[in-house]
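Each reported figure results from applying straightforward, stated rules to the coordinates on display, with no laboratory input. The structure displayed is predicted, hence computed values, not measured ones. Virtual Cβ from ideal backbone geometry, glycine too; neighbours counted across all protein chains shown.
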Amino acid sequence: MKKRLGCLHAHYSNIEYIENALSPYNIELIHFVDPALMYRVTSDESFQNSDAQTKVKEQIEWIAQCNVDAILITCTNYIAILQGDQLSISVPIIKIDEPFFEFICNIQQPQIILFTNPSTVEGTMERLKQYANHHQKTLNIEVMVINNTFELIMQGLKEQYNQEITKFLEQIMDDQKKVISVAQLSMVDAAQQFETRTPTTIINPLKPLVSSIVNQLGLCDKTSLQ
């Protein structure tokens, strides 16, 4: 029987990544997109954190009523806002950053984690530190933000967005010997494009996420058979 996965996104651009990554599996994807919440959180001073928590709670509970087997949240800001103890649902919630956190927490070398959206940095890094502390892991990680770039993807200028990310990767690869990862789903294409041109591996959230989804839904992980 086909499994149903409800996906909550803050931007339409994330749909393509999830669709492509899960296409080999017997999963029906139902997408819910709400860019307005993040707009209000970052630009409306009258919009309180409690208002944002209430809105995310309503969204998650609405998705849970759509007969899904699990819910995937692809926005790290949504994850940071979500108060799990306030939810009255039994549907499992998969948070895009937790498999990613597990992966990078097992790396002992110095690391760089890249962002294009400055508003996601604080919430993501706070959750990463909490995850590392909970699992008794020590991180040696530097945060870098590729400034004035995220607006491009929000405007639908994906090619220019990817070019800015790959250009930045080229710059830091000249003098960095650290393990590099990209923190946002929107950065995956650029990271993979960079990998095809260089012998460098750029860690991204998508690969560990797919394994986590497949395991949660009780499906066969085809990547393990390759």
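Give the relative contact order (percent, whole number) for the chain; include only Cα pairs under 8 Å separated by 6+ residues.
19 percent
Percent relative contact order of region 58-112, based on C-alpha pairs within less than 8 angstrom and at least six residues apart?
It comes to 37 percent, rounded to a whole number.
Give, rounded to the nearest 20 debye, the magnitude of the charge dipole that region 81-212 has about its Cα centre when Lys and Arg contribute +1 at Cβ and Asp and Glu contribute -1 at Cβ.
With only Lys, Arg, Asp and Glu charged at Cβ, the dipole is about 260 debye.
I need the shape label for region 98-204. Rule: rounded when a/c is under 1.5, else prolate if a/b > b/c, else oblate, with a, b, c from the alpha carbon gyration tensor.
Since a/c reaches 1.5 but b/c is at least a/b, the shape of region 98-204 is classed as oblate.
Pulled fully out, how much extra length does the chain show between VAL121 and ILE15, if you take 0.36 nm times their separation in residues and subtract their Cα-Cα distance?
Here the segment from VAL121 to ILE15 would lengthen by 36.0 nm.
Taking a cut-off of 21 Å between Cα atoms, list the lysines near LYS55, but don't count ones fewer than 8 places away on the same chain.
LYS55 reaches LYS95.
Treat the count of other C-beta atoms within 10 Å as a stand-in for reagent exposure and order LEU185, LEU157 from fewest to most.
If I rank by nearby Cβ atoms, fewest first, I get LEU157, LEU185.
Once you sort the root eigenvalues of the Cα gyration tensor of region 1-122 as a ≥ b ≥ c, which label holds: rounded (a/c under 1.5), prolate (a/b larger than b/c) or oblate (the other case)?
oblate
Would you list ILE79, ILE112 from fewest to most Cβ contacts within 10 Å?
ILE112, ILE79
Taking amide H positions as placed in the peptide plane 1.01 Å from N, state which residues far from LEU87 in sequence (5 or more) or on other chains have amide H under 5 Å from it.
Amide H neighbours of LEU87, under 5 Å, 5+ apart: none.
Roughly how big is the chain's charge dipole about its Cα centre, with Cβ charges of +1 (Lys, Arg) and -1 (Asp, Glu), in debye to the nearest 20?
540 debye
Within region 1-104, report the trypsin sites (Lys or Arg not before Pro) that DSSP leaves as loop and that have at most 15 other Cβ atoms within 10 Å.
When the trypsin sites (Lys or Arg not before Pro) of region 1-104 are filtered for loop state and at most 15 Cβ neighbours within 10 Å, LYS2 remain.
Please enumerate, by chain and number, the aspartates and glutamates with C-alpha under 20 Å from the C-alpha of LYS158, excluding those fewer than 8 residues away in the same chain.
Straight-line reach from LYS158, under 20 Å: GLU16, GLU19, ASP34, GLU170, ASP189, GLU195.
Can you compute the FRET efficiency between GLU45 and GLN109 using 1/(1 + (r/R0)^6), with r the Cβ-Cβ distance and R0 = 41 Å? Round to the nearest 0.05.
Plugging the Cβ-Cβ distance into 1/(1 + (r/R0)^6) gives 0.50.
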